[in-house]
Structure formats: structure tokens, C-alpha cells
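Following: one structure in C-alpha cells, then a few remarks.
The values are calculated or read from the model by the stated rules, or taken from the named source; none is laboratory data. Since this is a predicted model, take the numbers as computed values, not measurements. Note that we place each Cβ from the backbone using ideal geometry, even for glycine, and neighbour counts take in every protein chain shown. Heavy atoms of the whole protein, side chains included, go into the accessibility calculation; ligands, DNA and RNA do not. Shrake-Rupley method; radii C 1.70, N 1.55, O 1.52, S 1.80 Å.
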Amino acid sequence: MISPVPVIAIDGPSASGKGTVAKLVAQKLGFHYLDSGSIYRTIAYTSHQQNISWNNEIMLIKILEKAVLSFKNDQILLNGKDVSEAIRTEEAGRGASEVAVHKKLRAAILGFQRDFEKSPGLVSEGRDMASVVFPHACMKIFLTASTQIRAERRYKQLISKGNSVNMDSVLDEIILRDERDLKREISPLLKTEDAIEIDTDTLSISDAVDKITHLYSLKSQTS
Ligand code: C5P
């Protein structure tokens, strides 16, 4: 499929920095932005609120069908209510990775994600942006960082938000999430053959953003 709209697909493991980087790349290029993880997080959060198990695929799909999910500036609205903070907890993240294993649920989310592909362009981030949702993306980035560095980042982020956590449990959670995202049968986290890998261990957020926008400007000159 040849898309007239440029899509930059950014995938990577938890706490690789892809959320912040993708948002800034979108701002810099004046493109739309899709944080696909927030969809899975919202489903996990809502099902937890309604005492519905993360294993109950049929009920999770029902939740999705009833939910009106929208993005407004930096806010994620569920039926008009701001859930941006509520879905950022470690529990919602764990739930997201549990609901994300369901094949029919993932299929039901596909169209919603693809609707973000609008002029003048889209920067989307997640686990399967390059492999499944936007396989025709004009640029595919795989953002990585070592497990230790990612755990340190997540730890600092949680502490700065006033959470009481310890480093060992944050590290364990990252390892568990990686395992689940890499090993699941449907749409696992993977680096596609045509993706450019960027390791952010020693790269600042702004360096990563500059690198991606530079690569994109080179790409647009040659295509
Ligand atoms: O990116 P974020 O940490 O918000 O994603 C939460 C979880 O949602 C991930 O651990 C992953 O299991 C799931 N996810 C996914 N596919 C995506 C985005 C997120 O399976 N495209």
C-alpha cells in the first residue's frame, strides 16, 4: 500500500523514551501524534474499574465498543473524562500488557489507530506500529535502551510523581513487561527488517529527536 500521508512509526520496549521522543518529533514536524499504548492502558484501566478480568476478551471488546476515546492536546479523554494520569500508573501499564495479548481485541483497535493517518503526517508509537498497524510507514524507528537504564528512567519518573517505589521492583516489572511483549503470539514487540535502530542509552531526548527529524528530512529529499 502506498500512502500519500507520511507516517513515521516508532516502536520499542517500555521506558525506551519513545513516548517523549515521538511526541517531540510530531511537534517539530507539525504532524499528528498517536500514543497507541494509551489505548491498551485505557481498556485495562476501565476494565479494572468495572471489575472485569484482563483475561476476559469478550467483555474487553464490549468495553472498547462502548468507550469514546479521544485525544485533546496532552489529554486522553474517556467518555469526555480526563484519564491521562489514571492510565499512567504501573498497574495500568501491567494491565495494558495483559489485555494486549488478545487477538480479536487488537483487531478491533486497528481501525481506530489507522484513522490517525491524516495529512500532513503522523508520528505513531507503540510495539507493532511498523509491523502491523502502519507497515507502509515511510520511516520506521526502533528505539531501545538497556534494561538497567530503562528501569532507572522509570524509577525516577515514578518518584518524581510522588509514588513510593523501589528500584528492584521497577526493574522486575520492566523485565516482566519485556517478556510478555516480546514473547506473545500476536503482534509481539519486534524490530522489522526495514527499521532503523536507535539506542538511547547515551543519547539525550533532544539528540534522539534531532536524529530522527534529520533522518526524515534526508528521506523526504530523496523520495
Ligand atoms: O507504551 P506503553 O508502555 O504505554 O504500553 C503499555 C502496554 O501496552 C505495553 O507493555 C504493551 O503490552 C501494550 N502495547 C501493545 N501494542 C502497542 C502499544 C502498547 O501491545 N502498539
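A compact table of results
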item: Per-region count, the stretch 115-132, residues among the small types (Gly, Ala, Ser) and assigned to a helix (DSSP H, G or I); result: 2
item: Condition check for ALA107: open to solvent by less than 40 Å² (accessible area, probe 1.4 Å), assigned to a helix (DSSP H, G or I) and within 14 Å of the ligand (Cβ to nearest atom); result: no
item: Number of the condition not met by ILE186 [criteria: (1) more than 15 Å from the ligand (Cβ to nearest atom); (2) part of a loop (DSSP other than H, G, I, E, B); (3) of a type in the set (A, V, I, L, M, F, W, C)]; result: (1)
item: Whichever residue in the stretch 110-119 is in contact with a strand residue (DSSP E or B) (Cβ under 8 Å, 6 or more places away or on another chain) and more than 10 Å from the ligand (Cβ to nearest atom) and, among such residues, is nearest to ALA44 (Cα to Cα); result: PHE112
item: Test set (1) basic (Lys, Arg); (2) open to solvent by less than 60 Å² (accessible area, probe 1.4 Å); (3) in contact with a Lys or Arg (Cβ under 9 Å, 6 or more places away or on another chain) - LYS161 fails condition number; result: (2)
item: Scope the stretch 10-21; condition more than 10 Å from the ligand (Cβ to nearest atom) and of a type in the set (Gly, Ala, Ser); matching residues; result: GLY17
item: Tabulated pairs, the stretch 147-168, first more than 20 Å from SER204 (Cα to Cα), second modelled with pLDDT of 90 or more, C-beta under 7 angstrom, 6+ apart or interchain; result: VAL165/TYR155; VAL165/ILE159; MET167/ALA151; MET167/TYR155
item: Residue in the stretch 153-170 that is at pLDDT below 95 and of a type in the set (Phe, Trp, Tyr) present; result: yes
item: Meets criteria (open to solvent by 50 Å² or more (accessible area, probe 1.4 Å) and within 20 Å of ALA22 (Cβ to Cβ)) for SER206; result: yes
item: Qualifying residues in the stretch 189-203 (those that are part of a loop (DSSP other than H, G, I, E, B) and among the hydrophobic types (A, V, I, L, M, F, W, C)) - the one most open to solvent (accessible area, probe 1.4 Å); result: LEU190
item: Residue within the stretch 133-153 that is among the polar types (S, T, N, Q), outside any helix (DSSP H, G or I) and open to solvent by 70 Å² or more (accessible area, probe 1.4 Å) present; result: no
item: Filter result for ARG94 (assigned to a helix (DSSP H, G or I) and open to solvent by less than 50 Å² (accessible area, probe 1.4 Å)); result: no
item: LYS211 among the basic types (Lys, Arg), open to solvent by 70 Å² or more (accessible area, probe 1.4 Å) and touching a residue at least 12 places away in the same chain (Cβ under 8 Å); result: yes
item: Residues being within 14 Å of the ligand (Cβ to nearest atom) and not in a helix (DSSP H, G or I) - total across the stretch 32-65; result: 5
